[in-house]
1. What pairs come up if the first residue lies in segment 20-42 and is on the phi < 0 side of the Ramachandran plot and without any contact (Cβ under 8 Å) to a residue 60 or more places away in the chain, the second is surrounded by 10 or more Cβ atoms within 10 Å (Cβ to Cβ) and part of a helix (DSSP H, G or I), and their beta carbons are under 7 Å apart, counting only those six or more places apart or on different chains?
2. Residue 101 is checked against (1) part of a helix (DSSP H, G or I); (2) exposed (fewer than 10 other Cβ atoms within 10 Å of the Cβ) and fails just one. What number does that condition carry?
3. Taking the stated definitions as given, is residue 10 surrounded by 10 or more Cβ atoms within 10 Å (Cβ to Cβ), at pLDDT below 90, over 35 Å from the mean Cα position of the chain (by Cα) and assigned to a loop (DSSP other than H, G, I, E, B)?
4. I need the full set of residues from segment 63-78 which are surrounded by 10 or more Cβ atoms within 10 Å (Cβ to Cβ) and part of a helix (DSSP H, G or I), in order please.
5. So, residue 18, is that one assigned to a helix (DSSP H, G or I), surrounded by 10 or more Cβ atoms within 10 Å (Cβ to Cβ) and modelled with pLDDT of 95 or more or not?
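The values are calculated or read from the model by the stated rules, or taken from the named source; none is laboratory data. Computed from a prediction, not measured in an experiment: that's the story for all the values here. Reconstructed Cβ throughout: ideal geometry from the backbone, glycine too, with neighbour counts over all protein chains shown.
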């Protein structure tokens, strides 16, 4: 949006009023653009959420089928994942061993 010199100079010499009017127009334009962008982002987010739900449901169905077909493999995999997660959580703590001197009897 370009402004001419006439927009800055009002007929009665009130430059503040002209600047305020121009600022309000810019603000309205920006508001419309932001609302349009927000609407597009919301629409895209809803589409992506729907796709993610579909993929997650499909993967859950595949996992269910695998557990039914190979229950021992599923239990073994769960055990292995549990060991790795447990190790990862315990590795963050310091591994300090305190030793006491034996007292003579």
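1. Once the first residue is on the phi < 0 side of the Ramachandran plot and without any contact (Cβ under 8 Å) to a residue 60 or more places away in the chain and sits in segment 20-42, its partners that are surrounded by 10 or more Cβ atoms within 10 Å (Cβ to Cβ) and part of a helix (DSSP H, G or I) give 22/7.
2. Looking at each condition in turn, residue 101 falls short on (1).
3. Details: surrounded by 10 or more Cβ atoms within 10 Å (Cβ to Cβ): yes; at pLDDT below 90: yes; over 35 Å from the mean Cα position of the chain (by Cα): yes; assigned to a loop (DSSP other than H, G, I, E, B): yes.
Taking the combined requirement at face value, the residue satisfies it.
4. Step one: list which residues in segment 63-78 are surrounded by 10 or more Cβ atoms within 10 Å (Cβ to Cβ), which gives 63-67, 70-71, 73-78.
Once the filter is applied, which keeps residues that are surrounded by 10 or more Cβ atoms within 10 Å (Cβ to Cβ) and part of a helix (DSSP H, G or I), segment 63-78 yields 63, 64, 65, 66, 67, 71, 73, 74, 75, 76, 77, 78.
5. Against the criterion (assigned to a helix (DSSP H, G or I), surrounded by 10 or more Cβ atoms within 10 Å (Cβ to Cβ) and modelled with pLDDT of 95 or more), residue 18 does not qualify.
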